[in-house]
Amino acid sequence: METILQIPIRIIKEQELVIGPLAWVEASKVSGLTVDSSHSSVSLTGDAKDVINRLVAQYERIFGQASHAVCHEAVEDLIAKMPAEEVPSSLR
C-alpha cells in the first residue's frame with residue numbers, strides 16, 4: 001500500500017486508542033475520506049494531502065492541540081521516509 005494511503009488509517013487508529021469509536025465517526029465527517037463499515041480501511045478521493053490535512057484539522061477542532069500531536073506521532077515513521085513535498089503540511 002502506498003505510504004500516503006497508510007497515513008489516514010494510522011491516524012484514525014491512533015485516535016481510536018485515545019477517544020474510542022468516536023475517532024471513526026469524526027473521520028467519516030471529513031470530505032474526501034470514506035470509511036468502510038467495518039472500520040478496517042478508508043479510501044481517499046481528491047488530493048490525498050488535502051484530505052489528510054482535513055482529517056488532522058477535524059480531530060484538532062474537536063479535541064484540541066493534543067490530538068494534533070497524536071496524529072503526528074502516529075505517522076512519524078511513515079513521513080520520515082517520504083520526500084518533504086509529499087508530506088501533508090499538517091504533519092510537518
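None of the figures in this text is laboratory data; all of them are computed from the coordinates on show. All values derive from a computational prediction rather than experimental measurement.
A few points about this structure:
- Sequence-distant lysines (8 or more away, or on other chains) whose Cα lies within less than 17 Å of LYS81: LYS49
- For the chain, adding -39500 (n - 2.57) for each run of n ≥ 4 DSSP H residues and dividing by the number of residues yields -19000 deg cm²/dmol at 222 nm.
- Selected from SER67, SER38, SER28 as most flexible by GNM, with the chain as the system and alpha-carbon contacts under 10 Å: SER38
- Highest-MSF residue in the chain out of ILE79, ILE62, ILE19 [GNM, Cα springs under 10 Å]: ILE62
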